[in-house]
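Student: Here's a structure for you.
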């Protein structure tokens, strides 16, 4: 079963038994999380699209870890002017294991 949910202002495609990296959710490791903003449910040939959300559908999961992603480098340079700026950034994320999908 494939489900599209909305979390943190973004849409994520999730499946039961897989993990997904969300933006930082401020939850502790091992804590349970529920997502009730289900946009679409696909089960084989059948699919249900919400208007805007599917009624009665919920996705629950467990927080595996809170971590930082790989560093993204931002480098700015102006040709022949001697202007160089280098900046790095590591975005925080929460890894959630999807336990169950109820449609």
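Student: Considering only C-alpha atoms, what is the centroid distance from the range 7-52 to the range 63-94, in Å?
Tutor: 28
Student: Grab the Cα-Cα distance for residue 100 and residue 34, subtract it from 0.36 nm times how many residues apart they are, and report the gain in nm with one decimal.
Tutor: Numbers: separation 66, 0.36 × 66 = 23.76 nm, distance 0.97 nm.
Extra length from residue 100 to residue 34 when fully extended: 22.8 nm.
Student: Under a 10 Å cutoff between Cα atoms, tell me which one of 33, 41, 74 has the largest fluctuation in the Gaussian network model of the chain.
Tutor: Highest fluctuation among the options: 74.
Student: What FRET efficiency comes out for the pair residue 51/residue 89, r = Cβ-Cβ distance, R0 = 25 Å, nearest 0.05?
Tutor: Values: r = 38 Å, r/R0 = 1.50.
E(calc), rounded to 0.05, equals 0.10.
Student: For the chain, what is the relative contact order in percent, using Cα pairs closer than 8 Å and at least 6 residues apart in sequence? Walk me through the numbers before you get to the answer.
Tutor: Numbers: 232 pairs, mean separation 33.7, N = 103.
Across the chain, relative contact order equals 33 percent.
Student: Along the Cα→Cβ direction, 7 angstrom out, place labels at residue 69 and residue 13. What is the inter-label distance in nm?
Tutor: Between residue 69 and residue 13, the label points sit 1.7 nm apart.
Student: Hey, in the GNM for the chain with a 10 angstrom Cα cutoff, which one of 91, 11, 51 fluctuates hardest?
Tutor: With Cα springs under 10 Å in the chain, the top fluctuation among 91, 11, 51 is at 51.
Student: Who wins for biggest fluctuation among 80, 68, 27 in a Gaussian network model of the chain, springs between alpha carbons below 10 Å?
Tutor: Among 80, 68, 27, the largest GNM mean-square fluctuation belongs to 80.
Student: Indicate the gyration tensor shape class of the chain (rounded, prolate or oblate), computed on the Cα atoms with a ≥ b ≥ c the square roots of the eigenvalues: a/c under 1.5 is rounded; otherwise a/b larger than b/c is prolate and the rest oblate.
Tutor: On the way: a/c = 3.47, a/b = 2.07, b/c = 1.68.
It is prolate, given that a/c is not under 1.5 and a/b is the larger ratio.
Any read-out appearing in this document is the output of simple, stated calculations on the displayed coordinates, not a laboratory observation. This one's a predicted model, so the numbers in the text were calculated from it and none came from an experiment. Note: ideal-geometry Cβ built from the backbone for every residue, glycine included; neighbour counts use all protein chains shown.
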